[in-house]
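Worksheet: one structure, shown below.
The values are calculated or read from the model by the stated rules, or taken from the named source; none is laboratory data. Given the structure is predicted, the values throughout are model-derived calculations rather than measurements. Ideal geometry is used to build each Cβ from the backbone, glycine not excepted, and the neighbour counts take in all protein chains shown. We work out accessible area using only protein heavy atoms, side chains counted, and drop any ligands, DNA or RNA first. Shrake-Rupley method; radii C 1.70, N 1.55, O 1.52, S 1.80 Å.
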Amino acid sequence: MKHLRERSKRQLRNCKPKMKNKRNFNLAIVGLGGMGNWHREIISSFDNLSVCGSFDIKPTRQEFAKSHGITPYNSFEELLADPKVDIVLCSTPNDMHREICIRALEAGKNVVCEKPVTLSSADLQAMIDVSRKSGKLLVVHQNRRWDEDFLTIKDIFNRGILGDVFRIESRVHGSRGIPGDWRQEKEHGGGMVLDWGVHLFDQILQLAPGKLKKVYATATHVTNELVDDGFFADLTFESGLVAHVEVGTSNFISLPRWYMLGRDGTAVIRDWKLNGEIVRCTDWTQNDAVPIRTAAGLTKTMAPRTDATIHTQPLEPVHGDIHDFYRNVTATIDGKAEIIVKLDEVLRCMKLMEAVFASAECGQAVDFE
Ligand code: NAD
């Protein structure tokens, strides 16, 4: 009880007790909507990082801040003028990221920006230039690098369990269309390429080594004309590896989250709960399959293997801890670590999304690197 009382007193003061030998950081949230609040919750478990205030243009979100023990600033300018603020989190709709981040960097703040960092590579370059000039950190919340399905497939890839991997398929499927907010509007940076594609492309670029040579994409407009409500993209790497990336919002039956093909085996991760398995060939010499009879034919080629020549093994889940994102941010500002989500990686991903839009627009594959 005493512990809880201490904790609520601290929350009222909007700050955490000073830790010996550990620098404390104050973060202010700009845009306390769904994701801004998610950051607030994550940060509440840190002992060297606190949310010291927030600003949202919606009065209801200013009230929400108060009811959660956060002092709302009256304006963005007031937030920037507060010397207590070390880090500004930008979690507004996508089209506002550029201006908010640049103004925060120019005010001498470190900046965490939600994904997608902005709407074009030119915008991002402008943000990077200001970050370099100011000497302050600009980092993008590519949080799905810590998702366990991604870490697990990456581990399978890196350990070479499947032999030479020649195809990776990454999909997220829903059936609810695009949420009916700013995500449906082009001027706010809506659409699924920018919303979900940014995560899946970032993951693929983290996973697949070497240059990406070609991008071929088609966009869907099932429920929305103004912005894409899904897409299919084929990325061909210099190594010959092909990654198929897909986001759908009209899929009442979901295909697996990950499907990876190697010369010696196949891995599937069906969902975020990490249902799935790995199947590997154990004997290439026995090729005599019992033919399968279909209603109108016969096939040996497609006859399923038996346990005589394959081994099925469970996935070995790799644990991810999203708190590592802020641990890395604070350690980097403190000069004790190198930032994990690097701006050149984010820029490459932004350019890839531009290539996806360009390919979808012209209906042809486009060269990339
Ligand atoms: P949201 O609509 O729930 O919240 C956005 C908030 O920003 C709203 O409360 C709005 O009033 C406020 N706002 C708008 N303009 C503002 C301004 N000029 N100054 C201050 N506040 C302003 O949206 P959301 O779902 O929280 O998304 C916010 C950002 O987070 C987007 O960039 C989105 O892509 C990103 N996001 C990231 C993830 C992730 O997993 N990394 C998940 C969801 C959303």
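The table below lists the values:
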{"read-out": "Estimated distance in nm for a label pair at GLN206 and LYS300, the labels positioned 7 Å out from Cα along Cα-to-Cβ", "value": "4.5 nm"}
{"read-out": "The stretch 322-369 - Rg and Dmax from Cα coordinates, angstrom", "value": "16.3, 47"}
{"read-out": "Solvent-accessible area per residue, Å², over the chain with all protein chains present [probe radius 1.4 Å]", "value": "50 Å²"}
{"read-out": "Gaussian network model of the chain, Cα within-10 Å springs - most flexible of ALA122, ALA267, ALA233", "value": "ALA122"}
{"read-out": "Protection proxy ranking of 86-98, 58-70 - average other beta-carbon atoms within 10 Å, highest first", "value": "86-98, 58-70"}
{"read-out": "Approximate spin-label separation LYS58-TRP182, in nm, with each point projected 7 Å along Cα-to-Cβ", "value": "1.0 nm"}
{"read-out": "Nonlocal amide H pairs with PHE25, under 5 Å, H built at 1.01 Å", "value": "LEU49, SER50"}
{"read-out": "Ratio Rg/Rh, restricted to the stretch 25-141 and using Cα atoms, in which Rh is the Kirkwood radius", "value": "0.94"}
{"read-out": "Heavy atoms of GLU106: accessible area, 1.4 Å probe, square angstrom to 10", "value": "130 Å²"}
{"read-out": "Carbon plus sulfur fraction of accessible area for the chain, probe 1.4 Å, in percent", "value": "53 percent"}
{"read-out": "Per-selection Kirkwood Rh - the chain (Cα, Å, 1 d.p.)", "value": "22.8 Å"}
{"read-out": "Accessible surface ranking that places the most exposed of LYS115, LYS336 first, with a 1.4 angstrom probe", "value": "LYS336, LYS115"}
{"read-out": "Computed label-point distance, nm, for sites HIS319 and VAL290 using a 7 Å Cα→Cβ extension", "value": "4.4 nm"}
{"read-out": "Cα gyration tensor shape of the stretch 126-192, rounded if a/c is under 1.5, else prolate or oblate by comparing a/b with b/c", "value": "oblate"}
{"read-out": "Residue of ASN275, ASN251, ASN287 that the Gaussian network model of the chain assigns the largest fluctuation, springs spanning Cα pairs under 10 Å", "value": "ASN287"}
{"read-out": "The chain: DSSP helices with Cα axial extent of at least 27 Å and average Kyte-Doolittle hydropathy no lower than 0.5", "value": "343-362"}
